[in-house]
Every structure is written in structure tokens, then in C-alpha cells.
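Scroll down for the structure; my scribbles are underneath it.
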Amino acid sequence: MSSRQRRNDSAPQYLDATTLTAWRNVRDAGEVVVSRISAEMENQSGLSLDWYGILLHIYEGGEDGRLPQRELERHLYLSQSGISRMVSKMQEAGLLRREPSPHDRRNVYVVLTDLGRDVFLRATPVHHAAVQRHFGSWLSDDEIASIGRGLQKVLTAEGGSEIQCGEELDRLVTFGQSVLALTSDTVAVSDAILVRDALEPLLLADAARHVTPSAVQDMRAIVARMSTLIDSPEEFFRSDWELHRLLAGYCHNELLRSMYLTLLGTLSSRLDSVVPTTNLTPYLYERLSVHARLVEAVSSGDEDQVAEAAHAHHFTMARTRLVDAPGE
């Protein structure tokens, strides 16, 4: 039996320098990383990390989007009054509502509203990207697995519950104001969306100089098809990407065309489904209008019209706050 095992079996226990250093690193790294992730979440979504944590627990642990408030207190290690105040603020923001428990008058259920569910799903890719950037990118797979196993032992030994992360949420990526569920490679697809968006004005400007009248008719036909697919969002986006492949074919810059098509393929080949959110239908109508204007701008060959249409199509550089806390 090792000396460390013997120390774990007896009390009081001797605290060696290695253990003390590890504890300080966990404490300090946790504070730094949480601060950075929280700031990024606030900046890009308007949702605090604490609020995201509450939405996460209700979404994953609740039944039909509802969870006893006592369960939140148990999982989040906050006081009853602290949880109550936070839930009240989220209720004011329209993310949650309270319902009396049918089984226990002393307890209430905290319930996700439609807005709360939408905000949570759209904020999840922002959260995951921030975690990867400020935590995962600095560690190897083996180091992450080792840290996860070690800290899980501490949690369970101190009366905490085992943490299970749903794979469904790991597959989400924001696409404009919609949320896509992917088959794999979420980080790669997020990067592909960002780079494709940056290249698109250059590609559209070049395509507008070489597009043919027959190609314009083909593009208008695709837009007309998209108008019939509002209730089939996966097919809507596949038609959207077909339109952009057609446009790319008229770009005479071979390097630009090849890069663009590769990025588009990275996205389209990994689409599993479009997550149903309350804003989805109006958003698809908005994108339909954007693409109709895009086709007409390209067909005109006018550089200013093409630039304006490309700007309207561009959505990854400007982040939209998903929610504003009361009083903001």
C-alpha cells in the first residue's frame, strides 16, 4: 500500500507539497477560467454563466423542462435564498416560470419557457466554444481525461453527484439565428462557418462578373424551391447551400473557389438536423428574402449592390445578445 493510500485511509491526514500545489492550481485555474468563460458568455449572448448553469440543469435533469427548485439548490451548491433570487430574475427576463408542485405544497417547480429553451440552445455553442478556448485548448486528451476522473472522485467523496454531460448538446452549432445539430466535428464546422463568411464577399464579387443569364434562372429556381421548404428546415438549408455552390462555380479565382467549396462541404456534410426553436420560421423567411436579394444583386453585376447583399447575408461577425437581464 502506498503512502498516499495510507494517508487517505487515516485521519487527520498529512498534506504534502504536491497535494497543496495541485489544490492551489485547481482553485486558481478555476477562478481564472470561470471568469474568462463568463465574460465571453456575457459579451456574446447576454447570458451569464450562472444563468446558463440553471438552464442547463433544468434542460438536462428536468422532466418536460421542469425541475423542483430543491434540485437546483442541491446541484448548484447555492443557498435557498440565492437560488430563489436568481430564479426570480430569470423569471422577470422571461426564461423561467414557477409552478406549484402537485405533490408537495412546500416546493415549487422551476419550468423552462419557450424563450428559455431557445436562449439555452443558442447559447450552448457559445459556452462550448469558450470552454474549449479557455480550458480544453491548453490540455491534451489524456490530461483532460485524468483531470475529469480525479475531480469526479473528489465530488462523489464529498457528497456530490456524478456529472453526466449529454452528447446531444455537444453537437450544436449556431448558424446565424438558427441552431444546427451536427453528426461530428462541431469545432471544425464552427471554424468553417466563420471562414466561409469572411470569404463570401470576395467570391460573390467575382461570381457577379462572370455569371450567365441561364445561371441566374437556375438560382431563381432554387430560391423559389426554398420558399416551399420553410416547414422542412434541413432541406431549406441544403437548398441554400446548393445555391451557394452554383454561385461558387462562376468564381474564376480557382484558389478562392476551392477553399470556399471545401468549407461549404465541411458544413453541409455534417448536418444532422435543425433544432426547432420558436424563432426558426420567421428566421427562415428572413433568410429567404436575403437570398432572393442576393441573386438579384449578382445578376445585376453592380458592385455596390453585390457588396450590400453580401453584407446582409453575413451573420457570424456580429453577435446578437439573446437576453437582457432585468434593469439592463
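The values are calculated or read from the model by the stated rules, or taken from the named source; none is laboratory data. Note that the structure is a prediction, hence the values are computed from the model and not measured. No Cβ is skipped: glycine too gets one built from the backbone with ideal geometry, and neighbour counts run over all protein chains shown.
Numbers for the structure displayed
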read-out: Residue check for LEU284: in contact (Cβ under 8 Å) with a residue 40 or more places away in the chain, hydrophobic (A, V, I, L, M, F, W, C) and under 15 Å from ILE222 (Cβ atoms); value: yes
read-out: Lone unmet requirement of (1) without any contact (Cβ under 8 Å) to a residue 60 or more places away in the chain; (2) part of a helix (DSSP H, G or I); (3) touching a strand residue (DSSP E or B) at 6+ places or on another chain (Cβ under 9 Å); (4) not hydrophobic (A, V, I, L, M, F, W, C) for THR174; value: (2)
read-out: In the stretch 129-149, the residues that are in a helix (DSSP H, G or I) and either on the phi > 0 side of the Ramachandran plot or in contact with a helix residue (DSSP H, G or I) (Cβ under 7 Å, 6 or more places away or on another chain) (or both); value: ALA129, ALA130, VAL131, GLN132, HIS134, GLY136, ILE144
read-out: From the options GLY160, GLY150, residue that is modelled with pLDDT of 85 or more and farther than 28 Å from SER190 by Cβ; value: GLY150
read-out: Residue satisfying all of: in the stretch 262-285; in contact with an Asp or Glu (Cβ under 7 Å, 6 or more places away or on another chain) and polar (S, T, N, Q); surrounded by the most Cβ atoms within 10 Å (Cβ to Cβ) among these; value: THR277
read-out: Unmet requirement for ALA181, which otherwise passes all of (1) part of a helix (DSSP H, G or I); (2) assigned by TED's automatic domain parsing to the domain that holds ASP272; value: (1)
read-out: Verdict on ALA192 being at pLDDT 95 or above, out of contact with any strand residue (DSSP E or B) (no Cβ under 9 Å at 6 or more places or on another chain) and surrounded by 18 or more Cβ atoms within 10 Å (Cβ to Cβ); value: no
read-out: Selection within the stretch 42-64 - in a loop (DSSP other than H, G, I, E, B) and either under 15 Å from MET90 (Cα atoms) or modelled with pLDDT of 85 or more (or both); value: GLY46, LEU47, SER48
read-out: Candidates LEU255, LEU246, LEU271, filtered to the one that is among the hydrophobic types (A, V, I, L, M, F, W, C), under 17 Å from the mean Cα position of the chain (by Cα) and either modelled with pLDDT of 95 or more or under 19 Å from LEU229 (Cα atoms) (or both); value: LEU271
